Amino acid sequence: MSTQRLRNEDYRDYSSTDVSPEESPSEGLNNFSSSGSYQRFGESNGTTWFQTLIHLLKSNIGTGLLGLPLAVRNAGILMGPLSLLVIGLVAVHCMGILVKCAHHFCHRLNKPFVDYGDTVMYGLEASPISWLRNNARWGRHTVDFFLIVTQLGFCCVYFVFLADNFKQVIEAANGTTTNCHNNETVILMPTMDSRLYMLAFLPFLVLLVFVRNLRALSIFSLLANITMVVSLVMIYQFIVQDIPDPSLLPLVASWQTYPLFFGTAVFAFEGIGMVLPLENKMKDPRKFSFILYGGMAIITVLYISLGSLGYLQFGAKIQGSITLNLPNCWLYQSVKLLYSIGIFFTYALQFYVPAEIIIPFFVARVPEHWKLVVDLSMRTMLVCLTCVLAILIPRLDLVISLVGSVSSSALALIIPPLLEIATYHSEGMSPVTIVKDALISLLGFVGFVVGTYVTLYELIQPSSTPVFVNSTSAFV
């Protein structure tokens, strides 16, 4: 599978949650030198450190953030926040490993930039194992595969999120009031199944992904960013008020639900694919390490605070997205709609990455007059695929956990430590570093296997844990 278009002048790697294509593509390379100590090159028209920080922050704020309160419930009010902190530290460390290895190969091969897939390929070529060296190109294909699975998984999550939130708003329309403080159960007006809501969104999302130009998508990205920021502020404003007594909440939950926590947490922290592109488009890439660690510190605090406060506020009644627990007053119904609008437009940005990997493979094999037809047909088929998968797995929490366990754990935890060993083994590595990398990869692999197994088991044989329907809503 050719990935050349992933590295041409029209494409920049948006392989994480919500990073937007607002700046122009790279038009030149400055400050690159292959002699002396290596320094990352910059762009004369690149982003400032503040713009890069904003991109980093918004690329990690999506549906995974809203699912963290339920993740904390699956781990416990003490174990959940501590585990989020540990996973955050490990994920950020793996991002740093990827940047370091990319710098190493840029210097060694006299290249201005390498992406995630190329870095893994060059790492395998430097491996002491001849079989890995001879099949190094499969390293790039493996990264591309997991990027496709991750991004299409995000799109599946978006289908379920949109269906659940719109279904709840419509069903509670008869009970929506201006009173946001009366926490009594609303009488919902039954409507159609959530799967039918997914089908209702299908034609609109197909039309959205027909927009193939990243510049044209930038206005949608801006709208999504505004709606999400406003929604998050309103969510925080609600969950910090009148927090119930937390003494009844378990400090440590059952080990059987912890793998579900792991999948959701890794799903939220899987931002490693956008690290190298963000650094590459900076005016002064020497500041990127500070931005990476500072920005991810802010994101980790945001994740821990929302996950903990959301669970403290709603307790065992927390749902797959915290928006589903908000009161059915017009103020918080608007939050659900605003965030849903942001997620709707973000779908096109997430879809861009797998589309640019898969579609050129088929378009290159047809005559010129059929290229547009094949392109649009493949886009339609991929959107339909994500819709069908969402219909088959209509539970938001399980979709998030499954995507996180299967693909996000590979990209964020398993591959980077092994890449460091392959890259630097021949140049000498301390035993402590090798053991550290092996443990991180083992952690990711165990999470991958156990998390996938538990999620699939829960899908096949759902537990008896009740699913609550907006029990904090305003009384009719």
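The values are calculated or read from the model by the stated rules, or taken from the named source; none is laboratory data. Given the structure is predicted, the values throughout are model-derived calculations rather than measurements. In this analysis, Cβ positions are derived from the backbone assuming ideal geometry, glycine residues included, and neighbour counts consider all displayed protein chains. Each accessible area value is taken on the protein alone, full model and side chains, heavy atoms only, with ligands, DNA and RNA left out. Shrake-Rupley method; radii C 1.70, N 1.55, O 1.52, S 1.80 Å.
Averaged per residue, region 319-436 has 35 square angstrom of accessible surface, using a 1.4 angstrom probe with ligands and nucleic acids left out.
Of the residues 359, 378, 412, the one whose Cα sits farthest toward the positive end of the charge dipole of region 353-421, with +1 on the Cβ of Lys and Arg and -1 on the Cβ of Asp and Glu, is 378. Using the average count of surrounding beta-carbon atoms within 10 Å as a protection proxy, the listed peptides 242-248, 193-199, 272-278 rank, highest first, as 272-278, 193-199, 242-248.
For a test of the definition: using alpha carbon positions, the gyration tensor, and the 1.5 limit on a/c, classify region 323-441 as rounded, prolate or oblate.
Taking the square roots of the gyration eigenvalues as a ≥ b ≥ c, region 323-441 is oblate.
Can you pick out the pairs among 281/371; 100/283; 58/283 whose Cα atoms lie more than 28 Å from each other? Checking Cα-Cα distances, 281/371 exceed 28 Å. For region 350-420, the gyration tensor built on C-alpha atoms gives an oblate shape. Its axis ratio a/c (a ≥ b ≥ c) is at least 1.5, and a/b is not larger than b/c. Put simply, the C-alpha atoms of region 224-377 give a gyration tensor, and the ellipsoid matching it has half-axes of 37, 22, 18 Å, longest first. Between residue 247 and residue 110, the simple spin-label model (points 7 angstrom out along Cα→Cβ) gives 7.2 nm. Once a ≥ b ≥ c are taken as the square roots of the eigenvalues of the Cα gyration tensor of region 104-148, is the result rounded (a/c under 1.5), prolate (a/b larger than b/c) or oblate (a/b not larger than b/c)? Because a/c hits 1.5 or more and a/b fails to exceed b/c, region 104-148 counts as oblate. At an R0 of 56 angstrom, the distance between the Cβ atoms of residue 54 and residue 130 translates into a FRET efficiency of 0.80.
Might you tell me the accessible area per residue for region 239-289, computed with a 1.4 Å probe and given in Å²?
Details: 2240 Å² over 51 residues.
Accessible surface, normalised per residue, equals 44 Å².
Once both labels are positioned 7 Å from their Cα atoms along Cα-to-Cβ, the gap between residue 427 and residue 207 label points is 5.3 nm. In this structure, the amide hydrogen of residue 47, modeled 1.01 Å from its nitrogen in the peptide plane, lies closer than 5 angstrom to those of 282, 283, counting only residues at least 5 positions away or on a different chain. The simple spin-label model puts a point 7 Å past each Cα toward its Cβ; for residue 366 and residue 436 those points are separated by 5.0 nm.
With the highest mean first, a sort of the peptides 431-443, 97-109 on other beta-carbon atoms found within 10 angstrom per residue produces 97-109, 431-443.
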